[in-house]
């Protein structure tokens, strides 16, 4: 194995510094991306979770209305058939 000189060590240190700067830049970008994702998911007004909750509430209320309509239709048909 060749003996490392000060120049080689200096080059290696510079390379490590460059890689560390690259990691820091990517970490900042990743942090910004995560913040954006959290904003889209957890925003209480227009986030994904709020939309899912609104859709669930709408589905529950619509189901109640549909059952009421079906019961009314069955009652009307029954009256038409059996009570002339």
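Read-outs throughout are calculated quantities, based only on the coordinates presented, and are distinct from any laboratory measurement. Note that this is a predicted model, so its numbers are computed, not measured.
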| said: For a quick check, take a GNM of the chain with Cα springs below 10 Å and name the residue from 43, 11, 55 with the largest mean-square fluctuation. | reply: 11
| said: Placing one identical point scatterer on every Cα of the range 1-42 and ignoring solvent, what is log10 I(q)/I(0) from the Debye formula at q = 0.19, 0.21, 0.24, 0.32 Å⁻¹? | reply: -0.65, -0.71, -0.79, -0.96
| With Cα atoms, 0 to 90° folded angle of helix 6-42 axis to the chain main axis | 10
| For the chain, calculated [θ]222 nm from helices alone, where every DSSP H run of n ≥ 4 adds -39500 (n - 2.57) | -31500 deg cm²/dmol
| field | Cα convex hull of the chain - mean projected area over all directions, nm² | value | 11.8
